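Take a look at the structure below.
The values are calculated or read from the model by the stated rules, or taken from the named source; none is laboratory data. It should be emphasised that the depicted structure is a prediction, and the values quoted were computed from it without experimental measurement. Glycine gets a Cβ as well: all are built from the backbone with ideal geometry, and neighbour counts include every protein chain shown. Ligands, DNA and RNA are excluded from the accessible area calculation, which covers all protein heavy atoms including side chains. Shrake-Rupley method; radii C 1.70, N 1.55, O 1.52, S 1.80 Å.
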Amino acid sequence: MMQNKVYWNRDWQFFDVYTEDLLEAQTQCRDFELVTLPHTTAVTPYHYFDEAIYQKICGYRRCFHAEESWKYKHVLMTVEAAGHLAKVYLNGTLLAEHACGYTAFQVDLSKAMCYDMENVLVIQVDSREQQNLPPFGHVIDYMTFGGLYREVYIEVKEDIYISDVFAKTFGIVKGEPILQSDLTIHTPDTPIYLQTRSEETQKYNKISCESMAHMSHNNLSFRQQIIDKSTGEVLRTFAANTLCHDIKGLEIWDIEHPALYVLRTELLQAGKVIDTREDSIGFREAVFHKDGFYLNGRKVKIRGLNRHQSYPYVGYAMPKSMQRLDADILKKELGVNAVRTSHYPQSHYFLDRCDELGLLVFTEIPGWQHIGDEDWKQQAIINTEEMVTQYRNHPSIILWGVRINESQDDDIFYRKTNAIAHKLDPTRQTSGVRFIQKSSLLEDVYAFNDFSHEGNNAGCKKKNKVTSDPQKGYLISEYNGHMYPTKAFDDEEHRVEHMLRHARVMNAYYGESDIAGGFAWCMFDYNTHQDFGSGDRICYHGVCDMFRNPKLAAALYQSQSEQTPVLEISSSMDIGEHPACLLKDVYAITNAECVNLYKNDRFIRSFHAKDTEYANLPHGPIKIDDFIGDSLESEEHFSKGKARDIKKILLSVGQNGLNHIPPATLLLAAKCMLLYGMKYSDAVELYNKYIGNWGGTATVYRFEAIQDRNVVKAVIKKPMKQLHLEVTCSHTTLLEGQTYDVAAIRIRACNEDGAVLSFSQAPIKFVTTGDIELIGPGTTSLHGGMGGTYVKTMGKTGYGQLVLQSEVFPEVTIDFTVIQETNDMLTQ
């Protein structure tokens, strides 16, 4: 794609406290920090910190000389996000204010530009939470980090230019795919809006006479092309001044094959091209019906996670590579097909990657439960407009959230947000996330946060118990989360129950044909306010920790995908981890056909996927409930009947303990004593040998995932003898381009067989050399055997090295190369 943007991410002077003298050109003496965007107002600890440290009114200042070629043109500066109230000054003149910390805004700098002196650009950013704008006004269960935390760029335009293109697709399911574009053209007098009158008239390509008269008055015309995004080849060139195009023969965007194209639009005046715009697009038809979600006419069960945009230490301020990495983790590692951007619009880099991966997106306006006064509501309406217009060309977005998350009904307010979303984008349906049942449903889809599952009841509510309109679509927008917070260092039984709760809810909604699917709460743990979390400013609601290391529950989502073989065993098989040393419920989480169990290299038995109690899932967890197999026959030489009876007794005692033996087991024990002459001491000896594993050589368990008669993955569980750090680095070739690059380093303490040491809290020291620097502290402790850090580039090319040092683990070294980003890389 063409790059007409000039990025202004570098050389910003950051002032921790804003004062009016920043607007003056001669202000040079005050202390400031020279920063590169994305930037956060405060670097925070991992946990246990006061959220007030990032809440302030600060200033960003950039001095520049205007280029002569900019004269008599529009110099348009776009701020991708400023958290949360921004005021833009150029040479002391207030040019713009923007009151949303999650959407972009554009400012025409040419109105106050000087060409005979240095220009002083100042952006005042207010990140305090006492402001009368969404999401503020009451408590919020996530931290709202501040700063210029996304990027800033300028575009230089003539007096007449293309200000917006909206690409819409119709007719895919009918087999008559049509691309229809809406164009907005900026002129000195009034904008020109070019669009067909309705979907019904699309084939006739009717543009209003008034719009065409404006075009003719300015001697303007336009033309469009479809370009293959991967090769750059021009595939279709359409007739001039036409907005509706037949796209038969082009590939459709889908979750498995997300075909993307570039729509190039050229604006001509007197036959000469005066502006060109390129938009990444995809052709698809997404709709929620009363019986579920359909993509291009095919029913798809949504299996998703909620995502916050925060990171350890730097809050929201992470560059392109980290935004894209989260999308990769969701699709490639966690195996989901959808994500909800809770509770606000997120980075276009994240959405771009969702487009490329085929990851469905539910995005929504900023807010959390609270609805404010009329001024507050008006800002929320503006937020809705900005969300839709800025994100509507992303094919991955299938649903607009036009209610404040978990708010009460307010029909007058929500009629406005719903109407504006439909007006600005007639191709997508609307929804709004609720925690109340039988809510007033103005939107197209009822989205419900179903936290009804408590471990011993149904996984989710029936659709007809929640919504009063059965003819509209229905989905579960959140589940689990605060109902069962789980840390990576919780005891094993807690971590297993966390996984099973996710399995029960998923199994329940997979079994309901009229539930479109669900979004679990949530992808990863996140920093939160003092009113929430575990007292350390962290909500441990994720299936991953804050560094995106997977907890046990993550394996459940991984196993629903067919991308790679998955096998995770829910237990370390250490009996001392369990009350009364009773190793009760062990599960194999896998996408294989069956799992073979071996004890000390002796085959015990196979456990088949078809026997899972979570039969609605593509791949339900398989319970491993027999560690004896035919051993009593082959090793003790018992008869089949005797082996069967004693095996039942041993397994029952292993599940229930000696103090809670069921009556049926006691009767069977009495039978064995009478019929086989068994003594209590015999039973104890057999129990210790086959179940308790006391006093003998430790058992080595081997689990093998079998697919098409082949072993596709194996897991070994045995007492550890050697330790090492398993270190995963997102990428080691770092790109210095329009801004700095960051690499994520995820750390797991493992034994020689790759099992995570869940109770390791060993300190790890990070030492960097060369052309990289560390984000966060130089030393940190593992949490639940896992941890992480980040390194970033420093504005120059070269080499760098990160060394992980520990008194417990062998040293690990990662080498980095820092290269200059090229235009070809920017388009990827």
Is there a residue being modelled with pLDDT of 80 or more and out of contact with any strand residue (DSSP E or B) (no Cβ under 9 Å at 6 or more places or on another chain) anywhere in segment 193-204? no
Working only within segment 35-85, note down all residues that are charged (D, E, K, R) and open to solvent by 10 Å² or more (accessible area, probe 1.4 Å). ASP50, GLU51, LYS56, ARG62, GLU67, GLU68, LYS71, LYS73, GLU80
With respect to the numbered conditions (1) under 26 Å from the mean Cα position of the chain (by Cα); (2) surrounded by fewer than 21 Cβ atoms within 10 Å (Cβ to Cβ); (3) acidic (Asp, Glu), which one is the sole condition not fulfilled by ASP741? (2)
For segment 797-813, how many residues are over 17 Å from GLN722 (Cα atoms), open to solvent by 50 Å² or more (accessible area, probe 1.4 Å) and not in a loop (DSSP other than H, G, I, E, B)? 3
Do we have THR564 as of a type outside the set (A, V, I, L, M, F, W, C) and surrounded by fewer than 22 Cβ atoms within 10 Å (Cβ to Cβ) here? yes
Can you tell which of GLU97, GLU68 is among the acidic types (Asp, Glu) and at pLDDT below 95? GLU68
I'd like the full set of residues that are open to solvent by 20 Å² or more (accessible area, probe 1.4 Å) and of a type outside the set (A, V, I, L, M), limited to segment 744-759. ARG746, ARG748, GLU752, ASP753, GLY754, SER758, PHE759
Within segment 570-583, is there a residue that is of a type in the set (A, V, I, L, M) and under 30 Å from PHE448 (Cβ atoms)? no
Check whether at least one residue in segment 623-645 is modelled with pLDDT under 95, over 17 Å from THR699 (Cβ atoms) and in contact with a Cys (Cβ under 7 Å, 6 or more places away or on another chain), and report yes or no. yes
Across segment 55-75, the tally of residues that are touching a helix residue (DSSP H, G or I) at 6+ places or on another chain (Cβ under 7 Å) and among the acidic types (Asp, Glu) stands at 0
Just checking: which of the strands (runs of 3 or more DSSP E) contained wholly in segment 233-332 hold 2 or more residues that are aliphatic (A, V, I, L, M) and open to solvent by less than 30 Å² (accessible area, probe 1.4 Å)? 261-269, 302-306
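Per-residue answers, yes or no, for (1) open to solvent by 60 Å² or more (accessible area, probe 1.4 Å); (2) of a type in the set (D, E, K, R); (3) under 28 Å from GLU593 (Cα atoms):
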position	(1), (2), (3)
LEU632	no, no, yes
LYS642	no, yes, no
LYS648	yes, yes, yes
ASN656	no, no, no
HIS660	yes, no, no
ALA670	no, no, no
ALA683	no, no, no
TYR690	no, no, yes
HIS724	yes, no, no
Where GLU158 falls short, out of the listed (1) farther than 19 Å from HIS39 by Cβ; (2) at pLDDT 95 or above: (2)
Suppose the filter is surrounded by 18 or more Cβ atoms within 10 Å (Cβ to Cβ), out of contact with any Leu (no Cβ under 8 Å at 6 or more places or on another chain) and farther than 17 Å from GLY533 by Cα; does TYR479 pass it? no
So for segment 620-628 (the condition being in contact with a strand residue (DSSP E or B) (Cβ under 9 Å, 6 or more places away or on another chain), over 22 Å from MET720 (Cα atoms) and open to solvent by 20 Å² or more (accessible area, probe 1.4 Å)), does at least one residue qualify? yes
Over segment 695-713, the set of residues of a type in the set (Gly, Ala, Ser) and either open to solvent by 60 Å² or more (accessible area, probe 1.4 Å) or in a loop (DSSP other than H, G, I, E, B) (or both) is GLY695, GLY696, ALA698
Does at least one position in segment 23-32 carry a residue that is within 14 Å of TYR316 (Cα to Cα) and either over 34 Å from the mean Cα position of the chain (by Cα) or aliphatic (A, V, I, L, M) (or both)? no
Some residue of segment 152-164 being among the aromatic types (Phe, Trp, Tyr) and open to solvent by less than 10 Å² (accessible area, probe 1.4 Å): no
Every pair of residues 6+ apart whose Cβ atoms lie under 7 Å, when the first sits in segment 775-791 and is more than 24 Å from ASP490 (Cβ to Cβ) and modelled with pLDDT of 95 or more while the second is open to solvent by 10 Å² or more (accessible area, probe 1.4 Å) and in a loop (DSSP other than H, G, I, E, B): ILE775/VAL314; TYR790/GLY776
Of all residues in segment 205-228, which are among the charged types (D, E, K, R), within 20 Å of LYS248 (Cα to Cα) and either modelled with pLDDT under 90 or loosely packed, with under 15 Cβ neighbours inside 10 Å (or both)? none
Which of the residues that make up segment 98-126 are open to solvent by 20 Å² or more (accessible area, probe 1.4 Å), under 20 Å from GLN13 (Cα atoms) and among the acidic types (Asp, Glu)? GLU118
By residue number, the members of segment 672-681 that are exposed (fewer than 11 other Cβ atoms within 10 Å of the Cβ) and assigned to a helix (DSSP H, G or I) are LEU674, TYR680, SER681
For LEU121, indicate whether it is more than 21 Å from TYR349 (Cα to Cα), touching a residue at least 12 places away in the same chain (Cβ under 8 Å) and among the hydrophobic types (A, V, I, L, M, F, W, C). yes
Can we say GLN369 is farther than 24 Å from PHE166 by Cα, of a type outside the set (Phe, Trp, Tyr) and without any contact (Cβ under 8 Å) to a residue 24 or more places away in the chain? no
Restricting attention to segment 814-828, and to residues there that are open to solvent by 50 Å² or more (accessible area, probe 1.4 Å) and out of contact with any strand residue (DSSP E or B) (no Cβ under 7 Å at 6 or more places or on another chain), which single residue is nearest to ARG324 (Cα to Cα)? GLN828
Scope segment 522-536; condition open to solvent by 10 Å² or more (accessible area, probe 1.4 Å) and in contact with a Cys (Cβ under 9 Å, 6 or more places away or on another chain); matching residues: PHE532, GLY533
When the residues of segment 605-619 are filtered to those that are more than 15 Å from ILE706 (Cα to Cα) and of a type in the set (A, V, I, L, M), which remaining residue is surrounded by the most Cβ atoms within 10 Å (Cβ to Cβ)? LEU617
So, in segment 394-424, how many residues would count as being surrounded by 24 or more Cβ atoms within 10 Å (Cβ to Cβ), touching a residue at least 40 places away in the same chain (Cβ under 8 Å) and not β-branched (Val, Ile, Thr)? 6
